[in-house]
């Protein structure tokens, strides 16, 4: 059995992101899409998501979102991701450390007509990232 259209959309979005095309990534998301993430009382907007990914691309060389697992049906997709890169520029006030990151996360996407309409992030992405670049598990 082949992948669903929804799975293909998420995979294509991430391919654009891995090519450094943040706007191409976001083109797979509906304009009103909210991204629910731990620690935030309201969902992140696409503007928030765009700004976050641009900061990541600026701060980490070789930034790549690796697909560990991706499956779904025509409406929902679940993905386990691994974000990798090397810290080469300031990020969240932390000077470059040349430290490699390997951040695990899980995300669930709701898809309507080939576009993500809402997503839920599971995992402490920022906490993992800061701990790794600071080299201290107690800092985040």
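Mean separation of Cα pairs under 8 Å and 6 or more residues apart, divided by the residue count, gives the chain a relative contact order of 23 percent.
Against the chain, whose longest principal axis is taken from its Cα atoms, helix 5-18 shows a tilt of about 30°.
For residue 40 and residue 23, the difference between the fully extended length at 0.36 nm per residue and the C-alpha to C-alpha distance is 3.8 nm. Let me make sure I get this right: for the stretch 5-134, a, b and c are the square roots of the gyration tensor eigenvalues over alpha carbons, sorted descending. Under 1.5 in a/c it's rounded, otherwise prolate if a/b > b/c, else oblate. Which is it? It is prolate, given that a/c is not under 1.5 and a/b is the larger ratio. Looking at the chain alone, DSSP beta bridges between its own residues are antiparallel in about 90 percent of cases. Once a ≥ b ≥ c are taken as the square roots of the eigenvalues of the Cα gyration tensor of the stretch 58-140, is the result rounded (a/c under 1.5), prolate (a/b larger than b/c) or oblate (a/b not larger than b/c)? Prolate. Report the calculated FRET efficiency for residue 94 and residue 12 (r = Cβ-Cβ distance, R0 = 35 Å), to the nearest 0.05. Here the calculated transfer efficiency is 0.65. Full extension of the chain segment joining residue 113 with residue 61 gains 15.3 nm, where the gain is 0.36 nm per residue of separation less the Cα-Cα distance. Rounded to the nearest 500, the helix-only mean residue ellipticity at 222 nm of the chain stands at -9000 deg cm²/dmol, with each DSSP H run of n ≥ 4 adding -39,500 (n - 2.57).
Values in this text are rule-based calculations from the coordinates and carry no lab data. Here the structure is a predicted model, which means the values were calculated and not measured. We place every Cβ from the backbone using ideal geometry, glycine too, and count neighbours over all the protein chains shown.
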